1. Quick check on my filter: what residues within the stretch 35-58 are touching a Leu at 6+ places or on another chain (Cβ under 7 Å), outside any loop (DSSP other than H, G, I, E, B) and of a type outside the set (A, V, I, L, M, F, W, C)?
2. Residues in the stretch 31-56 that are β-branched (V, I, T), within 8 Å of the ligand (Cβ to nearest atom) and under 12 Å from S78 (Cα atoms): how many?
3. Within 10 Å of the ligand (Cβ to nearest atom), surrounded by fewer than 21 Cβ atoms within 10 Å (Cβ to Cβ) and among the small types (G, A, S): does that describe S129?
4. Identify all residues within the stretch 88-111 that are within 14 Å of the ligand (Cβ to nearest atom) and either among the aliphatic types (A, V, I, L, M) or touching a residue at least 60 places away in the same chain (Cβ under 8 Å) (or both); write none if there are none.
5. So is I85 within 22 Å of A165 (Cβ to Cβ) and either open to solvent by less than 30 Å² (accessible area, probe 1.4 Å) or touching a residue at least 12 places away in the same chain (Cβ under 8 Å) (or both) or not?
6. Criterion first (away from the ligand (no atom under 11 Å from the Cβ), modelled with pLDDT under 95 and open to solvent by 10 Å² or more (accessible area, probe 1.4 Å)) does G120 satisfy it?
Amino acid sequence: MTVSKDVDKDVDKGVSKGQGKAERPSQELRILVVHGPNLNLLGKREPEIYGTQTLADIDADLAAGAKDLGIEIEFIQSNHEGDLIDRIQGSMGYADGILINPAGFSHSSVALRDALVATGVPVVEIHLSNVYARESFRRRSYVSAIAIGVISGLGAPGYRFGLEALVKRLRA
Ligand code: CA2
């Protein structure tokens, strides 16, 4: 399992040069976890909506899940749309699937959606809160239609469920 590894410095980057999974030293599936803007505040503000777990708690739980599943996992959180897009592009040829909470960009970013589509890998969209039970503008996500599935309203455990579902799909 690899946690918070920098994709660009990965010695195994040969996979982005046209080599298939068969040439990889590691046969483990690789998942990129993407956390959108303001999620760095988790556990510090609005616990009644987003719960009491911090982003570090969520990532630690996902890392434990990755170990159980025998996969590699990496994490990024950014408040900047371009940084998220750069990292998603940088994962091409590396990540086998993407678990993403696009946060506020869910409702605004065609560019983020385009980057996810460009990777060609399955995407699972996570929301801590039930976006359908809140303001109407949260009901439209640019990501949902290109995701294989969406989990919304189950709080922090939703990430683990999403990871398990993504890995199950990749192994099917
Ligand atoms: O429910 C979710 O996970 C959201 O993606 C969270 C976004 C919101 O814009 C989406 O509609 C639903 C907001 C993330 C902000 O996170 C905070 C966490 C703690 C305190 C303040 C904001």
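1. Matches in the stretch 35-58: H35, N40, Y50.
2. The number of residues fulfilling the criteria is 0.
3. Here the answer is yes, as S129 does meet what is asked.
4. Answer for the stretch 88-111, where residues must be within 14 Å of the ligand (Cβ to nearest atom) and either among the aliphatic types (A, V, I, L, M) or touching a residue at least 60 places away in the same chain (Cβ under 8 Å) (or both): L99, I100, N101, P102, A103, G104, F105, S106.
5. Answer is no for this residue.
6. no
Yes/no matrix, rows are residues, columns are (1) touching a residue at least 40 places away in the same chain (Cβ under 8 Å); (2) open to solvent by less than 20 Å² (accessible area, probe 1.4 Å); (3) more than 22 Å from L41 (Cα to Cα); (4) not polar (S, T, N, Q):
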site: R113; (1), (2), (3), (4): no, no, yes, yes
site: E135; (1), (2), (3), (4): no, no, no, yes
site: S144; (1), (2), (3), (4): no, no, yes, no
site: G149; (1), (2), (3), (4): no, no, yes, yes
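The values are calculated or read from the model by the stated rules, or taken from the named source; none is laboratory data. Just so it is clear, the model here is predicted, and its values are computed rather than measured. A quick note on method: Cβ atoms are made from the backbone with ideal geometry, for glycine too, and the neighbour counts reach across all protein chains shown. Note: accessible area is taken over every heavy atom of the protein model, side chains too, but ligands, DNA and RNA are not part of it. Shrake-Rupley method; radii C 1.70, N 1.55, O 1.52, S 1.80 Å.
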